[in-house]
Amino acid sequence: MSKIKSLRLEAKLSLNQFARLADLDRATVSKAEKGGAVSELTLHKIAATLGRQLGRTLDADELASQ
């Protein structure tokens, strides 16, 4: 399981809920979770949203190194 997906599940969020909170398309989040190529901006949005939900700081580089 990817780091992004495991953190999303730790935050108890569905893919749709998380995509809405991150202001991203569901397919984009799914692609990121599967290790697909996504933009740096997308990784930053994911990191910021996960960080808010989990109450800790995450950075995009940490998520990209799955």
Pair list, Cβ under 7 Å, 6 or more apart: the stretch 46-66 residue in contact (Cβ under 8 Å) with a residue 60 or more places away in the chain and within 14 Å of S2 (Cβ to Cβ), other residue polar (S, T, N, Q) and not in a helix (DSSP H, G or I): Q66/S2
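One line per residue, one yes/no per condition, for (1) over 11 Å from the mean Cα position of the chain (by Cα); (2) modelled with pLDDT of 95 or more; (3) not aliphatic (A, V, I, L, M):
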{"position": "N16", "(1), (2), (3)": "yes, yes, yes"}
{"position": "L21", "(1), (2), (3)": "no, yes, no"}
{"position": "L24", "(1), (2), (3)": "no, yes, no"}
{"position": "S30", "(1), (2), (3)": "no, yes, yes"}
{"position": "G36", "(1), (2), (3)": "yes, no, yes"}
{"position": "L54", "(1), (2), (3)": "yes, no, no"}
- request: Give the stretch 2-32 a look and list any residue that's part of a loop (DSSP other than H, G, I, E, B) and over 16 Å from L58 (Cα atoms), or say none.
  value: K12, L13, S14, D23, L24, D25
Test: residue in the stretch 23-37 that is touching a residue at least 40 places away in the same chain (Cβ under 8 Å) and open to solvent by 60 Å² or more (accessible area, probe 1.4 Å): no
- request: For the stretch 39-51, enumerate the residues that are over 11 Å from the mean Cα position of the chain (by Cα) and either surrounded by 13 or more Cβ atoms within 10 Å (Cβ to Cβ) or not aliphatic (A, V, I, L, M) (or both).
  value: S39, E40
- prompt: Restricted to the stretch 12-22, and to residues that are more than 19 Å from M1 (Cα to Cα) and touching a residue at least 12 places away in the same chain (Cβ under 8 Å), which residue is most open to solvent (accessible area, probe 1.4 Å)?
  reply: L21
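The values are calculated or read from the model by the stated rules, or taken from the named source; none is laboratory data. Treat the numbers as computed from the prediction; the structure is a model and nothing was measured. Positions of Cβ are backbone-derived with ideal geometry, glycine not excepted, and every protein chain shown enters the neighbour counts. All accessible areas refer to the heavy atoms of the entire protein, side chains included, with ligands and DNA or RNA removed. Shrake-Rupley method; radii C 1.70, N 1.55, O 1.52, S 1.80 Å.
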